[in-house]
Every structure is written in C-alpha cells, then in structure tokens.
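Have a look at the structure below, then the notes.
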DNA sequence: ACTACGGTATTCCCTTTTGGAATAGAACCG
DNA sequence: CGGTTCTATTCCAAAAGGGAATACCGTAGT
C-alpha cells in the first residue's frame, strides 16, 4: 500500500531520493518498495538511469491506474470524513506541484500556530473530491462557477534554464534566441509556450525540440539538470534562482492569465477552521 | 491494503469468519483488520450483531469506493500482465458468487492437473478488465457480441428456505403460498421473482416483505439463517439442499433464461493454457 | 583520465506490524 | 438452559518495514 504511494511519488519526482522525501521515507526504503512491486508484477516499471528513474511502458500504464485507484481511496476517506466533519477540521484539495514546492514547506508554521485545527490534504482528482473539500487549490484564470477564488501567485512566469546550458548554446539576449534551445513542456498545460511567444511577438513558435512531461515537478527537475528551457511560475523556483542552480536569461518571461488560486465554495458556511487557514494562507502569500 | 480486501470480503459474506475463509486468514486477523480500519477512519463501518456484521451507512459508502479502487488496481495488474502474457498463462474474470461457491472449491484439481499453467483471477468489474481477460464468467442469456459462450449451469432455479421457516408459516404446497413469506432478493438481478411468478401464473406478485442484498452470497446466507425465501440456482446450494440446511419446498422453482456462462473472445487466437482450462471447465460442469 | 557528484542498490540490524491459536464472551435457537 | 455460532481479546511467533551506512555506477567537468 505504501508501496503504491511510493510508486506515484517516484513517477512524479523522477528520482527515488526525491520520492523518499515526499513520502517521508529514506531512499533505501523507496528502492526496496519499488523492487518489491516490480517483483510481484514481474515487470520492470522504471529504467534505472544515473540521472534518476524513468518509467517504462509498463510503468506508465501501471502508474496511471494506480493514480486512479488511490484517488478513489482518497475520495472514500474524504467522503466518510465529511460525515463527521467538526467545525475545526479542514479538508483541502491541493495540486501536487503546489503542495510539494510551496505549501508543505511552510505548512508546519500553520500547524504550530493552530494545533487545534485538523487539516486533511487530498491531492488526487476525483469527481466528488472537489465537492467534499472545504477549499481547493486550482490552476486557471480565477473564475469557477460557485467558487469564491483568491489569487495566490503564478502570473509571473519566468523562462529558466541552467547557466551551463545557456552559455553553451551562445547565450540568450532576446526571445528569438529561445528557438535554438530544447524546451520543456507539460502535457496538461501546453499553452505556456505559445503564450510566451505571443507575449514577445514571435508569431509561429517552433522550437528546436520539445520534451514533454506529465508532471510539473519533472519539468522543473529537467530544467535544473540542464535538459532544456522551461517556463515556470517564478515563485516555484525562487530557491533555485537565488542559489544560481537556475538562471532567468535576460529576465525573459511573461505575465500569464493562468495562475494558482485558492477557492472555497460560495454556498457553504465558512467554518472556523477553514477561516483560520484561509487567513493564514493569504498572509503567507503576501509576505514570503 | 489486505485490510481493504478483508473489508470487501466482510461486505460480501456478512460475517467475519466467512470473510476470513475467503481471504485465507483467520477470523482473528479479520477482526483486527476491521478494527484497524475503523480506528484509522474514526467511524464504525459495521454494526456487530450476533448473526454477523451488518454495514453502517458509512460502511456502505466506504465499501462502494473501496471496491472501485481495488477494481482499478486489479485492472492495472491485468493490464500489465497482458503485456507479458505467455501462451501458458490464462487470465479469467470470475463473478464473486461463482468463484466462491463453485469454481474455487474445485479449482485445486485443475491446478494439480496442470501445474504449468499460470491462472490469474480477476473478480471486480472495470471497463477494460473484460477486454484483457482471456475468459469471462457471465450471467445472462448467452448472447454477447464478439464472444463465444458456453452454458455452465444456473437455468434450474430453486425456491429455497430453511425447514424451520417453512413449517413455522404453515408449509408451502403451491406457489401461491409464497406470498405469505418474506422474500430475499438481489439488487442487480431483481427480475427473478417476477420470472418465478410468471412461471407459476401468479400474475402480480406482491410478497409480504422483501429484503434486498447487494451480493448474491448474502442472499444465500440470509436464506440459510432463515430470514426468508430465496430463488437460487440449484447448483449453488447443492450442498445445503443435501445436508438439509436448506429445503426446496414442493420442488418449486422455474427454468430461467438467465444463467451462468463462460465466454471467450471470438477474434482472439486460443492459446494452449486457455484451451486446457476451457476443456476442464466444461468437463467439470458435465460430471459433478 | 580522473575526480566529484548525484543517483541507485545492498547489507545489517532494529522495530513494528501482521497473523495464528486459544480463549473468553455474547446472542440466538430449540 | 445447554449448544451453536458468532465476535473480541490475549499472547506469542514470524515477517515485513524502515533507517544508517556503504557499495556501486554513470555522467560531467576539469
């Protein structure tokens, strides 16, 4: 069971050590779980490379199903916990990328501040999971029917890559130069590069080569390991930009209409636990 | 994880001890698993009665979701095992009621006969699970598009109940007498009682009281514990009829158009493992 | 070519969990 | 009121899970 969670974590992080952190285990445990799964299925799920684990065909299929299954289990738990919701419990639906790179690192502060509030996280998407949640983190333009949305961050999108990569291909002065590079993209939000092109008046944008990933964390990871250029909300790579592991050549980027929001249902009374979280969240976004 | 399987087994059997047998554990282990689940969810899933465990509202909801989740996992496994199918492996989709009461008890004979054949059972229903299966046990009239179907048994439906129940309410001479009894029914195949009524020219059949169950094994179990009369394929309660735990008053029953069939896809080449199983299955049905 | 680095696999060892046998207890039935 | 048929609990052995340390392997940069 934890093996399945481990599996998904690996799929999202692309490395066993990264996954280990995400599920609060050691890399050794993760490795063993993966091996256990592969043995019981009799199939290799990930190909071992020195840069991490890359899913095999079977792995991709299996991961897809396992994600659905865990989503269903999560929905089950959410559903029954909705039956006994106390005013001090909060059920949140969090996008993995936000949870990993933004919310969880600072959530411990909230937990310390409000030990009496019981916060439950949900990360997979199912039909009714969004319905039973008290608050949902979303990506989009800020309009959802029946939802009251607060902007968090993410409109400020930066073009990023490693210094080594950029200098090797002759540097980037203008957006035009990007055409020479491999670009990294995300399956579910493929519009980003055309938004970038539009913002810089590039017209038809046909990059040298595109690599697509199923998870945004993989896009970021690929950028860090120098595989190409990525468009990422600046806030999500703040650490890397400050430490120099990533650079933002020529300050290129654009203002996106799509960003990260936190929504709460309009029709439902706001219970005190949710109110406290909501307030904390907005404050945290303002003053980082 | 096994806890979830245990949960479903309990839901299907209505007793912890029965479930224990179904999942190859002891009753003690089952009890502990259930308690563990309930504690981690903070909700009672089953009400403890001295005649077994009956699901609570929360329990029913949870079971429903868990079934979907496990179906998904099963589909995952089936999917990837389809990728590496050897000619000596067979993937079967089995209806729980058949698996429990008919197939598994005699399957060990097949396993002894053909140790080289790797048989994989699947019991939950998912869209593609039926597609990847080599053979499927079905309930119906024998016509499925693209499937070649062999009749197994189940057309001979008997009216059954405990001797105690029947004598208490004054015995049953004709089908008319059934009206005085509580009847047991199955959600997914509710037509049975009207078929029975039609076969005996009863016209509008309005029984005294009806109890409905989500699983056919619960119907049988309820009949055995004297809760009412049930219509059951005779082959599925052969043991009980012979031992007298159930009786078939006045030999009442009817010939149903719906029965149990085994189907294999028409378009697919029949691999040797499947051929062997198929042959064994038909022989087993003939000579019990 | 060599070293530093970032990753995975493996070994050893301890802790926790799991599962079975036996037993106790509760409800129902005749 | 015994007998039967359930569940809950206790005790104990076995197995799985998980962490720390270490070995190992491929790549990148000098």
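Some notes on this structure:
- Cα centroid separation, the range A:262-288 to the range B:41-73 (Å): 33
- Likely footprinting exposure, B:215, A:137, fewest C-beta neighbours within 10 Å first: B:215, A:137
- Inter-chain neighbour count for B:77-86: the average number of beta-carbon atoms from partner chains within 10 Å of each residue's beta-carbon is 4.
- For the protein assembly as shown: rounded, prolate or oblate by the Cα gyration tensor [a/c cutoff 1.5]: prolate
- Per-copy distances of the residue A:210 label point, shortest first, in nm (7 angstrom along Cα→Cβ): 5.6
- Cβ crowding within 10 Å averaged over residues, with B:36-49, A:60-73 ranked highest first: A:60-73, B:36-49
- Rounded Å value of the spacing that divides the Cα centres of the range A:92-128 and the range A:187-217: 29
- Normalising by residue count, the range A:177-259 has a Cα convex hull of 94 Å³ per residue.
- A full extension of the chain between residue B:245 and residue B:108 corresponds to an added length of 46.7 nm, given 0.36 nm per residue minus the alpha carbon distance.
- Each peptide in B:247-256, A:14-23 receives the mean, over its residues, of other Cβ atoms within 10 Å, and ordering these scores from highest gives A:14-23, B:247-256.
- Sorted from nearest, the other copies put their residue A:118 label points 4.5 nm away, the label point being 7 Å from Cα in the direction of Cβ.
- For the range A:2-77: rounded, prolate or oblate by the Cα gyration tensor [a/c cutoff 1.5]: oblate
- Cα-only Debye scattering, the range A:67-173: base-10 log of I(q)/I(0) at q = 0.11, 0.14, 0.24 Å⁻¹: -0.49, -0.70, -1.43
- The Cα atoms of the range B:138-288 give a gyration tensor whose axes a ≥ b ≥ c have a/c of 1.5 or more with a/b greater than b/c, which makes the shape prolate.
- Kirkwood analysis of chain A, using all unique Cα-Cα pairs, places the hydrodynamic radius at 20.5 Å.
- Per-residue shielding of B:58-70, expressed as the average number of other chain Cβ atoms within 10 Å of the residue Cβ, stands at 5.
- Each copy carries residue A:266; placing its label point 7 Å along the C-beta direction from Cα gives inter-copy distances of 5.4 nm, listed from smallest up.
- In percent, rounded to a whole number, the relative contact order of the range B:63-168 is 34, using alpha-carbon pairs under 8 Å and six or more apart.
- Mean Cα-pair separation over length for the range A:156-255, i.e. relative contact order, pairs under 8 Å, 6 or more apart, %: 50
Every read-out reported here was derived from the displayed coordinates using simple, explicitly stated rules and does not represent laboratory data. Given the structure is predicted, the values throughout are model-derived calculations rather than measurements. Note: ideal-geometry Cβ built from the backbone for every residue, glycine included; neighbour counts use all protein chains shown.
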